[in-house]
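Presented below is the structure to which this report refers.
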Amino acid sequence: PMGQVPDEPLHLCRAFEISEGQFFTPVADGKVGSYLPKDIMKTSQGYGDVIERFRTARLNDANREFLNYPTSALYIPLVYAPQALGIFIFRLFTDNSMIVLYGARLFNYLAGTAIIYYAIKLIPYGKLAVMVMALLPMMVNQSVSASADVLTNALAIFSVAYALYLANNGSVLKKRQLAVLASSLILLSMCKIVYFLFAFIVIILSNSQFTSKK
């Protein structure tokens, strides 16, 4: 049910404000948050509650309140791009808040799955292991949510897979390949700072694969 994944309501608040063009969460009276439809913060207790909210819940700009979400406000807008896009597109067609929030989940799932798909396609060995990892209950639980961890997990898997692909290939790296590897590692580090350690995976590449020490 909506909101049952850990911290999902907080992630939805961040994604919603980004969908409205507000990329940095303001601070007001020592609290970090924005004036958003209060229904976003509501946690469904079961699928019966979800169905009822599908029937009655509406996004009303006149019925907003200040919502506090200091933890998700720390994340960069990048990790909420799929959710924000889903919210933006679905709001063009409906004011049903549950449909809009499930739109955020749907786009997040599609983005994370697409990245992992290319990781499985590129990795030279261990494809079954990556697939099994992607289908673990905890991964599936996250992947169908609006959590920022969906993109973080997918980029972590892709970065390792792409580095192994380049190392296994053994040929001199093209600028495009270097750009993809660097971009994936930089974006992953920006998702969560502790993931900067993944950058050290470049040590598996041979010196001969680089055109110069620079």
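The values are calculated or read from the model by the stated rules, or taken from the named source; none is laboratory data. Not measured: the values here are computed from a predicted model. Glycine gets a Cβ as well: all are built from the backbone with ideal geometry, and neighbour counts include every protein chain shown. Accessible surface areas use protein heavy atoms only, side chains included; no ligands, DNA or RNA. Shrake-Rupley method; radii C 1.70, N 1.55, O 1.52, S 1.80 Å.
Things to note:
- In the chain, the longest principal axis of the Cα atoms and the axis of helix 149-169 are about 10 degrees apart.
- Sites listed here are chymotrypsin sites (Phe, Trp or Tyr not before Pro) in the stretch 143-214 whose DSSP assignment is loop and whose Cβ has at most 13 other Cβ atoms within 10 Å: PHE210.
- Count of Lys pairs (Cα-Cα under 23 Å; at least 8 positions apart or interchain) in the chain: 8
- At 0.890 mPa s and 25 °C, Stokes diffusion of the chain via Kirkwood alpha-carbon radius, µm² per second: 132 µm²/s
- Förster radius 22 Å - calculated FRET efficiency between LEU92 and ARG64 (Cβ-Cβ, nearest 0.05): 0.70
- Percent accessible area from carbon and sulfur atoms, the stretch 76-213, protein chains only, probe 1.4 Å: 74 percent
- Under Karplus coefficients 6.51, -1.76 and 1.60, residue-wise ³J(HN,Hα) of the stretch 75-81 in Hz, glycine/proline x: 6, 6, x, 3, 6, 10, 4
- Mean residue ellipticity at 222 nm, helices only, the chain: -17000 deg cm²/dmol; runs of at least 4 DSSP H residues each add -39,500 (n - 2.57), and the sum is divided by the number of residues.
- Residues with amide H under 5 Å from that of TYR69, placed H, sequence gap 5 or more: VAL32, GLY33, SER34
- Angle in degrees between helix 47-56 and the longest Cα principal axis of the chain, rounded to the nearest 10: 60 degrees
- For the stretch 180-189, Karplus couplings with θ = phi - 60° (6.51, -1.76, 1.60), whole Hz, Gly/Pro x: 5, 5, 5, 4, 5, 6, 5, 5, 4, 5
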